[in-house]
Amino acid sequence: MKYVINRVGFLLISLWAAATINFFLPRMMPGNPVDALIARFQGRISGSALHAIELQFGVTHRPLWFQYLVYLSHILHGNFGVSLTYYPASVMTVIGNSLPWTLGLAGLSTIISVALGLALGIYSAWHRKRRAVNLLPTLSTFTAAIPYFWLAMIFVYFLGYLLGWFPTDHAYTSSLTPGIHGPFILSVLHHGILPACTIVISSLGGWLMNMRNNMVQVLGEDYILFAQAKGVPDRDLMLRYAARNAILPSATSFAMSIGFVVGGTLLTEIVFSYPGVGYQLFTAIENSDYPLMQGLFLMIAVSVLLANFIVEMLYGRLDPRVRRSGVGS
Amino acid sequence: MITSVVRSASPARRGRTSALGQFFSEPKARIGFAIFVFFVLIAVLAPLITPYNPQSTLFIPLQAPDARHWLGTTGNGQDVLAQFVYGARTSLTVGILAGITATAIAVVMGMLPAYRGGTFDLVVSTFTNIILVVPGLPLLLVIGAYIHQTGSLVIAIVIGMTGWAWQARVLRSQTLSLVSRDYVVAARLAGAPDRHIIVHEILPNMLSLVVAGLMYSCLYGILAEASLEFLGLGNINATSWGTMLYWATQGAALLNGAWWWFVPPGLSIALVGMGFSLMNFAVDSLANPRLRENS
């Protein structure tokens, strides 16, 4: 129970911190970027919307603490202001339209990548004395260092343009009406394969190496040697004795990894013009649409923090030692 | 007097001379180091490798590789090889600088609180954990969007500031396990000042962790710099591997089939990154013999 309270507390603090970073960043920047933005949009959007932006980004004579409190209360009410790019649509609407695509793409790819990475990690640790198998970790240092966006470009060029096997942009054929029907779902899958492969290949190496290292550590423990001497079959030894214990430490590195994967997903979306939060974030940045950018950043941060929270809760269930001592903090 | 007593007690003082030798006895370290040196040589010897100026737009655009232009030309009529070798300078410098920045912050933010303990430790390590879970790249993009077109030095520092937390966490837990070791306690009893203990007793014994972290931070730095430049958030007029990819996208290199324009920079980023992580593993397995191959 103490563990749960501890983790919920950390979740709340980190949510608050993300919101606060979001608030102070534009105010800390040299040369006030928002002034230029407001000058640019003068006359193009309604006076009240402009005023709201002035308040949101601190171009006002109200004291800072007052702006901060207004900002926090807006966030709690799900009010992120109006998008300038998609004016008069609210930031929340744009987020609502793009978040499901990213969650679907990043979620599915992460699950595939984690499962494959852990399996290959277990395999390469078990057979670590075979030369051929030892190429696997070395190869994965290469795949892990490939920039996501570059791999995406390679796929678009070779498998998209040259061979024409896969569509090169968007999440579905634009002539189809979105809904739960065969052609649409097939189109979504067809469009999703290349972005998903990009994410899986680029993130796989990290999981693999992590799992391999943990597994090699565990395989050196005395109880493994004892079990081997006792005559436990290899398969059981590998999966039930070693892997089960080696998986646990992987959960702690999840925090760092999920941040990387989300960052990579954003870049992948940009290359594929995939209509998720990454592509929207890029659009917002290109158009200096600061309200949309702020809203998207916060939403991305919240998603990552929640994902982390869920994993830590699961981790606490899996490993009773953690519940007693607390992980990380 | 104090230092000489303590010096003999610290395990790091023993056998340091062989550390480099051990490092290079790992095949992974040799490969990683060779890759790294190869690209550093390319960067340093840039003017000897190509006679062309990377910015000059004298040539016929979008030529495929041939004897005059080994890597062809860009859509703006620049020599790709010239851009590539001069770009290596920017990419490596910014990446390594970012890695050093991140490691320096991590050493301070990881070791000090663990050594001091108490409320200070609680506050700083909570802060570190928060920075760790706030996704770095989106943050980097947002900062990049606000500061708009800045110099490479600023980019390196900003990247370093978003990428130190995981390393600080690793160093913190190692420091925690070291502060209660006998030789540290001995140094403290002998009256050595805190600064001396941290710098001369604890730090040398986690040098392998710091170096491994530095390798990893440099990998992060190079990838982050490429990502920022690719999105046009860095300095688009500088020549780097990231800006090459930015201009390749802007110039529709994919549609024009100009693979020679975008394949070399991305491939090199991955290779340099691989070099760094191979060296990282080699350092890791120095500290942890079980990870060694054929063990």
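The values are calculated or read from the model by the stated rules, or taken from the named source; none is laboratory data. The structure displayed is predicted, hence computed values, not measured ones. Positions of Cβ are backbone-derived with ideal geometry, glycine not excepted, and every protein chain shown enters the neighbour counts. Ligands, DNA and RNA are stripped out before the accessible areas are found, and what is left, the full protein with its side chains, is counted by its heavy atoms. Shrake-Rupley method; radii C 1.70, N 1.55, O 1.52, S 1.80 Å.
Among the residues of segment A:132-168, those that are among the hydroxyl-bearing types (Ser, Thr, Tyr) and closer than 23 Å to B:Met279 by Cα comprise A:Thr138, A:Ser140, A:Thr141, A:Thr143, A:Tyr148. In this structure, is A:Phe166 within 14 Å of chain B (Cβ to nearest Cβ) and assigned to a loop (DSSP other than H, G, I, E, B)? When the stated conditions are applied, A:Phe166 passes them. Of all residues in segment B:229-256, those being open to solvent by less than 20 Å² (accessible area, probe 1.4 Å), assigned to a loop (DSSP other than H, G, I, E, B) and more than 20 Å from B:Ile42 (Cβ to Cβ) number 5. Test B:Ser173 against the criterion of being within 13 Å of chain A (Cβ to nearest Cβ) and either on the phi < 0 side of the Ramachandran plot or of a type outside the set (D, E, K, R) (or both), and give yes or no. Here the answer is yes, as B:Ser173 does meet what is asked. Kindly indicate whether A:Asp222 is more than 14 Å from chain B (Cβ to nearest Cβ) and out of contact with any strand residue (DSSP E or B) (no Cβ under 6 Å at 6 or more places or on another chain). No; evaluated as a whole, the condition is false for this residue.
Note on segment B:192-209: residues that are more than 15 Å from B:Asn288 (Cβ to Cβ) and open to solvent by less than 50 Å² (accessible area, probe 1.4 Å) amount to 8. Against the list (1) within 21 Å of B:Ile269 (Cβ to Cβ); (2) of a type outside the set (A, V, I, L, M, F, W, C); (3) open to solvent by less than 30 Å² (accessible area, probe 1.4 Å), the condition B:Pro65 fails is (3). I'm trying to understand the selection: among the residues of segment B:72-91, which are open to solvent by 10 Å² or more (accessible area, probe 1.4 Å) and not basic (Lys, Arg)? Correct list: B:Gly75, B:Asn76, B:Gln78, B:Leu81, B:Gln83, B:Phe84, B:Tyr86, B:Thr90. Consider segment B:257-288 and keep the residues that are farther than 22 Å from A:Thr143 by Cα and either among the aliphatic types (A, V, I, L, M) or touching a Phe, Trp or Tyr at 6+ places or on another chain (Cβ under 8 Å) (or both). The one that is least open to solvent (accessible area, probe 1.4 Å) is B:Ala258.
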